[in-house]
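Structure record follows, encoded as structure tokens.
The values are calculated or read from the model by the stated rules, or taken from the named source; none is laboratory data. Predicted, not measured: the structure shown is a model, and the values here were computed from it. Every residue, glycine among them, receives a Cβ derived from its backbone with ideal geometry; neighbour counts consider all protein chains shown.
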Amino acid sequence: MSAFEHITLETTRLHLRPLRGIDAPALLEMHADPVFTQYWSAAPWDSIEQAYSMIARDAAAMAADEYLRLGLENKKDRALIGTCTLFNLNQQCRRAEIGYGLDRQHWGQGYMNEALLALLTYGFGDMQLNRVEADIDPDNLGSARCLERLGFIREGLLRERWIVEGKVSDTALYGLLLSDWQKLQAQAMPAVSR
């Protein structure tokens with residue numbers, strides 16, 4: 001497998017690519033927004049240094065194939081509008097967790113579905129994953145709908161799993177298997193006439 005630091009993916013409207021130093025202001029704007037971080041497992045950011053730190057951590061981790069985080073660059077204006085990640089990789093079990101965040105001015109426009117379709121195609125294809133898991137706040141209905149559109153199944157609830165800034169929240173666990181993904185992709189393909 002080649003180092004994640006060189007991975008780029010294309011969709012109709014997005015260029016998915018590793019984060020760069022110039023992305024720091026956009027990352028800070030997203031992560032400082034209390035609405036964006038409402039269901040996040042970390043407090044809102046208050047410093048540009050947090051953005052630069054994430055970019056530096058990503059560069060080192062992706063060079064070592066520890067995890068894959070890609071920025072969502074809007075092809076129309078080349079603006080960074082979000083991120084998506086495959087992390088907690090377990091090579092033996094061919095399993096990973098998926099994470100994602102989108103600048104809220106772009107919510108409800110299908111960008112995350114588009115990005116995650118590309119990321120999952122790469123994960124189940126090139127990375128040969130067998131299972132992808134997601135851990136979301138059960139109150140985050142938008143995220144739940146996004147996962148369910150992609151074929152994820154809600155598999156359980158972990159009570160009081162997160163405490164962020166004194167707020168306790170549960171986790172809804174979702175899973176997507178390679179076999180389910182393959183069935184969904186086969187259904188999405190147009191019928192071939194013979």
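Residue 70: farther than 22 Å from residue 169 by Cβ, in a strand (DSSP E or B) and without any contact (Cβ under 8 Å) to a residue 40 or more places away in the chain, yes or no? The answer is no for residue 70. State the number of residues belonging to segment 144-165 that are out of contact with any helix residue (DSSP H, G or I) (no Cβ under 7 Å at 6 or more places or on another chain) and either on the phi > 0 side of the Ramachandran plot or not charged (D, E, K, R) (or both). Going through segment 144-165 one residue at a time, the tally reaches 12.
Pairs meeting the criteria (first residue in segment 134-162 and without any contact (Cβ under 8 Å) to a residue 40 or more places away in the chain and over 14 Å from residue 97 (Cβ atoms), second residue among the aromatic types (Phe, Trp, Tyr) and part of a strand (DSSP E or B), beta carbons under 7 Å, at least 6 apart or on different chains) are 153/174; 154/174. A single member of 43, 32, 26 is over 15 Å from residue 67 (Cβ atoms), aliphatic (A, V, I, L, M) and buried (at least 18 other Cβ atoms within 10 Å of the Cβ), and it is 26. Scanning segment 8-19 for residues that are touching a strand residue (DSSP E or B) at 6+ places or on another chain (Cβ under 8 Å) and either surrounded by fewer than 19 Cβ atoms within 10 Å (Cβ to Cβ) or not in a loop (DSSP other than H, G, I, E, B) (or both) gives 8, 9, 10, 13, 14, 15, 16, 17. So for segment 123-133 (the condition being closer than 20 Å to residue 39 by Cα and free of Cβ contacts under 8 Å to residues at least 40 places away in the same chain), does at least one residue qualify? Scanning segment 123-133 turns up no residue that is closer than 20 Å to residue 39 by Cα and free of Cβ contacts under 8 Å to residues at least 40 places away in the same chain. Scanning segment 26-50 for residues that are more than 14 Å from residue 166 (Cα to Cα), in contact (Cβ under 8 Å) with a residue 24 or more places away in the chain, aromatic (Phe, Trp, Tyr) and in a loop (DSSP other than H, G, I, E, B) yields a count of 0.
Residues that are farther than 20 Å from residue 31 by Cβ, of a type in the set (Lys, Arg), surrounded by fewer than 18 Cβ atoms within 10 Å (Cβ to Cβ) and at pLDDT 95 or above do occur in segment 65-75.
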